[in-house]
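> I have a structure here, written as structure tokens, and I will follow up with some questions on it.
The values are calculated or read from the model by the stated rules, or taken from the named source; none is laboratory data. In this text the structure is predicted, and so the values were computed from the model without any measurement. Cβ placement follows ideal geometry from the backbone for every residue including glycine, while neighbour counts extend to all protein chains displayed. When the accessible area is computed, the model is the full protein with side chains, heavy atoms only, and any ligands, DNA or RNA have been set aside. Shrake-Rupley method; radii C 1.70, N 1.55, O 1.52, S 1.80 Å.
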Amino acid sequence: MDLRRPTTRSSSGGVEPRYRQVGFVTTTAEPAAAAASSSSSPRGSDVYPGSLSPVMIPPPRIPDHLTALSPAPVSLLPSSPPPPSSSRLNAAESDLDDDDDVDVSWARPPPPALLESKEGLPDTQNEGAPAPAPAPVQQKQKLSKAERRAIQEAQRGAKASAKEAGLSRKSVATVSSSNAAMSKQLKTVKTPLKKDLPQLTPPVASEKKTSEHPPDRDRKKDVPPPRMQFDNVHRVEKTKKRSLVNQAEAQNRVELFRHLPQYVHGTQLPDLESKFFHLDLMHPSVYKVGLQFLSGVISGGNARCVAMLLAFREAIKDYSTPSAKTLNRDLTAKISSYVSFLIECKPLSISMGNAIRFLKNRIAKLLLTLSESEAKASLQSDIDRFINEKIIIADRVIVSHAITKVRDDDVFLTYASSSVVEMIFDHANELGKKFRVVVVDSRPNNEGQALLRRLVAKGISCTYTHINAISYIMHEVTRVFLGASSILSNGAVYSRVGTAAVAMVAHAFGVPVLVCCEAYKFHERVQLDSICSNELGDPDVISRVPEREDLCHLKNCTYNENLQLLNLKYDTMPSDYVSMIITEYGMVHL
């Protein structure tokens with residue numbers, strides 16, 4: 001075949017495709033084959049107008065013995081396209097009958113299963129008759145809004161009646177299941193629901209929730225209760241009725257801090273001392289620690305936490321479980337009453353709250369198979385282990401980390417008095433380091449004076465100044481070591497009032513600030529200021545100067561309505577002013 005011949009046009013106007021010959025082609029037989037094909041076979045446009053030539057691969061032929069069984073050839077060969085019309089199909093079949101060279105061996109008979117299914121059909125079905133239409137599916141209607149609301153109200157009423165009657169969970173499930181049965185009867189009488197709508201089974205869902213989430217209930221026990229707002233008069237009156245300490249609220253309080261407790265100091269201690277032998281429910285060791293907190297004999301985060309845990313240890317040692325009660329619940333209630341008494345004496349620190357949470361968790365996890373003596377011994381060992389690991393050993397590890405930041409001829413600055421910072425200076429002095437310490441102090445507590453005496457007694461060179469002169473001495477300092485009452489989850493440092501001012505001045509001078517804090521003082525709370533959570537001290541302390549009666553110019557002005565005294569105990573230092581936090585787990589750069 002000459003591939004360069006011009007394309008021929010069909011009667012429909014389209015370009016007729018070229019024929020592809022299969023087999024061995026000789027040059028001599030080409031004109032005869034072309035003439036035979038042009039004379040015998042019709043043109044493609046006559047059989048299939050506007051389509052390909054029938055010389056190409058034809059659609060499958062159905063054998064003659066299957067024509068009577070198959071009313072529609074389309075059902076036997078679903079993959080082959082249906083012919084445009086029956087006349088064209090007959091013309092094509094006649095053309096294919098004339099063509100002897102076409103191989104139709106690929107036209108296979110249908111499977112016997114299909115033949116059997118065809119034989120079972122009735123003979124009355126004609127070949128051209130259409131298939132019967134499927135029966136329409138009856139569409140189910142929805143419940144109206146009023147009907148659904150009636151079912152929900154019936155279920156709610158059943159739940160409320162079950163709660164009032166004090167029924168158990170099983171009885172609630174039976175009542176709700178009866179309501180579900182009633183709702184099903186209503187549905188069957190009126191209109192059926194759709195199958196895809198979920199069934200209302202509230203008791204099963206409630207049982208599933210309680211069974212799937214038991215840790216959430218236990219987790220709520222570990223979360224400390226929210227701090228009471230003392231500007232709520234109703235709650236304050238209820239608290240006064242249960243309190244053991246008779247406290248009178250201060251009259252002239254700052255309006256911004258009215259949500260914090262502030263009492264008239266000087267009246268609680270004599271009242272508690274008079275009740276020492278009349279409080280049967282309070283253990284003597286806990287009572288003694290409460291008096292020491294109130295008088296200020298014990299101060300500092302670690303010292304107060306250790307004293308509280310040791311008092312609880314003595315109370316657990318002398319504890320005996322009452323009849324018809326379990327040790328876990330009764331002892332937890334006892335510890336809660338002790339904690340309430342200590343809070344009345346002095347608000348707890350964040351580290352003390354973490355220690356109380358640890359102790360209650362250990363009490364809750366005691367095995368019921370343990371005897372009372374074994375349980376008490378286990379709790380006492382847990383308290384000793386907490387004090388040893390979380391405080392004593394933790395301070396030693398912090399000192400070993402911080403000593404790497406001490407070099408000869410350094411000038412260190414510290415504020416007030418921190419036990420772990422003092423241990424760092426003592427250890428550096430024992431190693432023979434040459435350094436100087438600047439102790440910054442502030443009124444009214446003047447905690448830095450006691451630290452200054454101890455450092456000077458050990459032969460350490462020191463400088464003492466107040467916080468108002470810190471900017472004049474900061475240019476000599478190489479590092480600042482500070483203690484902390486707590487470190488919050490946003491990196492803020494919660495410490496004694498004045499710490500934030502020292503860190504801000506050091507940051508302005510480019511001096512690194514290193515905060516030493518034990519890991520048990522970390523808390524998940526987020527605090528951005530010193531207003532929402534703080535502690536108010538005695539306002540009369542800042543109005544007088546100790547041992548200088550001639551300088552007490554505000555002595556008679558304390559109860560003046562135009563004068564409001566504010567004595568804050570803590571402040572919050574942003575993490576931007578902290579260079580490094582040193583804990584027993586390592587040093588964290590900020």
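> Note the full-extension length gain between Arg156 and Ser461 as 0.36 nm times their separation in residues minus their Cα-Cα distance, in nm to one decimal.
Length gained, Arg156 through Ser461: 102.1 nm.
> Can you compute the modelled spin-label distance between Cys552 and Ser378, with each label point 7 Å from Cα toward Cβ, in nm?
In this crude spin-label approximation the distance works out to 5.5 nm.
> For segment 316-428, which whole-number percentage of the solvent-accessible area (1.4 Å probe, protein heavy atoms only) is attributable to carbon and sulfur atoms?
54 percent
> Give me the 1.4 Å probe accessible area per residue for segment 370-528, excluding ligands and nucleic acids, in Å².
With the other protein chains kept in place, segment 370-528 gives 43 Å² per residue.
> With r defined as the distance between the Cβ atoms of Arg436 and Ser144 and R0 fixed at 60 Å, what FRET efficiency is calculated, to the nearest 0.05?
Result of the calculation: an efficiency of 0.10.
> Oh, and also: List the pairs from Lys360/Lys458; Lys288/Lys569; Lys405/Lys458; Lys288/Lys365; Lys288/Lys360 whose alpha-carbon separation is above 31 Å, in the order I gave them.
Long pairs (Cα-Cα over 31 Å): Lys360/Lys458.
> Right, next: With the cut-off at 1.5 for a/c, could you classify segment 308-413 from its C-alpha gyration tensor as rounded, prolate or oblate?
prolate
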